[in-house]
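Following: one structure in structure tokens, then a few remarks.
Here, each number is a calculation from the coordinates, and none is a lab measurement. Fair warning: this is a prediction, and the values are worked out from it, not measured in the lab. A quick note on method: Cβ atoms are made from the backbone with ideal geometry, for glycine too, and the neighbour counts reach across all protein chains shown.
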Amino acid sequence: MARKKIIAGNWKMNMTPSEAVSLVETLKPLVVNDEVDVVFCVPAIDIIPATEAAKGTNINIGAENMYFEEKGAYTGEISPLMLKDAGVKYVIIGHSERREYFAETDETVNKKVLKAFEHGLTPIICCGESLTQREQGITIDWIRQQIKIAFLNVTADQAKTAVIAYEPIWAIGTGKVATTEQAEEVCAAIRVCIGEIYDQATAEAIRIQYGGSVSASSAPELFAQPNIDGGLVGGASLKPDFGKIVNYK
Ligand code: 13P
């Protein structure tokens, strides 16, 4: 069965609650496309108003992060139970900005992935290499390590429903999109790695996105690659351009 594309916006730390409502209002007629899953991952405080504004549309509201405990003395954190109760289905885990600025590691990513599955949330698991790693020729080794740790103790049935976002760090917010060949090469290697951890059926089911300076002009070629099942979009997800990305064909 062909994998359904999944195109997600990552709003990062942008949009106040009232701005979030107007952005959803602006984008909702533009992102209509039943052939793809459309997700807006928004700041935690925007989840409820954005969900309200997106009611009756094809837009899924997702989260950008989550903690790996249900509740307790973890000031400032958001729990999977809170996300579930707010109607969230997708949650980004281990974005490179969280790894860089908030000390997330492959191990905390794994804990969050397990916790997300435990509560019926679909993780969008991020991986990606730095420019130095790419220049040193260790991209695939690095990504394989990130993937293997992220999926520790995740069952095949869970893994089949997961989303992986391959985001080369040097391509994020830089306008420097990876070439189609670079993006496809790594996404294909991720699928091979999933096949090694699990089996062919899991490798074929899992959805792998590309992220990093995706735009209306780069999306069509990227999303046409056999191993790229959509995108995780930062800057362009805050603009009407996102409608063109969702309707890339
Ligand atoms: P940009 O699309 O702004 O490069 O951001 C990509 C990203 O980090 C999405 O998670």
remark   = Exposure-ranked with fewest Cβ neighbours within 10 Å first, 16, 180, 75 stand as 75, 16, 180
message = At 0.36 nm per residue, and after removing the present C-alpha to C-alpha distance, how many nm does the segment from residue 106 to residue 18 gain when stretched out fully?
response = 28.2 nm
request  = Could you count how many Lys pairs in segment 1-118 have their Cα atoms under 15 Å apart, skipping same-chain pairs fewer than 8 positions apart?
outcome  = 10
task = Report the label-to-label distance for residue 44 and residue 199 in nanometres (one decimal), using points 7 Å from each Cα along the Cα→Cβ vector.
result = 3.9
request  = Using amide H atoms built 1.01 Å from N in the peptide plane, name the residues 5+ places from residue 40, or on other chains, whose amide H lies under 5 Å from its own.
outcome  = 9, 60, 61, 62
query = Between residue 70 and residue 119, what is the label-to-label distance in nm when each label sits 7 Å out along the Cα-to-Cβ direction?
reply = 1.0
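Can you give the local net charge around residue 96? Use residues other than it whose beta-carbon is closer than 14 angstrom to its beta-carbon, Lys and Arg +1, Asp and Glu -1.
Taking every Cβ under 14 Å from that of residue 96, the sum is -3.
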query = If we sort 106-117, 140-151 on the protection proxy, mean other Cβ atoms within 10 Å, highest first, what's the order?
reply = 106-117, 140-151
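Per the Kirkwood formula on distinct C-alpha pairs, the Rh of segment 133-219 is how many angstrom? Write down the numbers at each step before the final one.
Details: mean 1/r = 0.0738 Å⁻¹.
The answer is 13.5 Å.
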key: Residues 34, 46 arranged by fewest to most Cβ contacts within 10 Å   = 34, 46
ask   = Tally Lys and Arg at +1 and Asp and Glu at -1 over the other residues with C-beta under 14 Å from the C-beta of residue 71: what net charge comes out?
value = -3
message = Considering just Cα atoms, how many Å³ per residue does the convex hull of the chain enclose?
response = 117
query = Can you run phi through the Karplus equation (6.51, -1.76, 1.60; θ = phi - 60°) for segment 214-223 and list ³J(HN,Hα) in whole Hz, with x for Gly and Pro?
reply = 5, 9, 4, 7, 8, 4, x, 6, 4, 6
note = Applied in sequence order to segment 72-87, the curve 6.51 cos²θ - 1.76 cosθ + 1.60 (Karplus, θ = phi - 60°) yields integer Hz couplings, x standing for Gly and Pro, of x, 7, 10, 3, x, 8, 10, 9, x, 5, 5, 5, 4, 5, 7, x
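For every other residue with a beta carbon closer than 13 angstrom to the beta carbon of residue 13, add +1 if it is Lys or Arg and -1 if Asp or Glu, then tell me the sum. Mind showing how you got there, number by number?
Numbers: positive: 12, 98; negative: 19, 46, 64, 97.
Counting the neighbours of residue 13, the net charge comes to -2.
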note = A chain fully extended from residue 149 to residue 132 at 0.36 nm per residue, minus the present Cα-Cα distance, gains in nm 4.0 nm
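Sorted by packing (mean other beta-carbon atoms within 10 Å per residue), highest first, where do 51-57, 124-130 land? Write down the numbers at each step before the final one.
Details: 51-57: 15.1, 124-130: 25.3.
In descending order of packing, they fall as 124-130, 51-57.
Apply 1/(1 + (r/R0)^6) to the Cβ-Cβ distance of residue 156 and residue 57, taking R0 = 30 Å, and write down the FRET efficiency to the nearest 0.05. Walk me through the intermediate numbers first.
Details: r = 33 Å, r/R0 = 1.09.
About 0.40, to the nearest 0.05.
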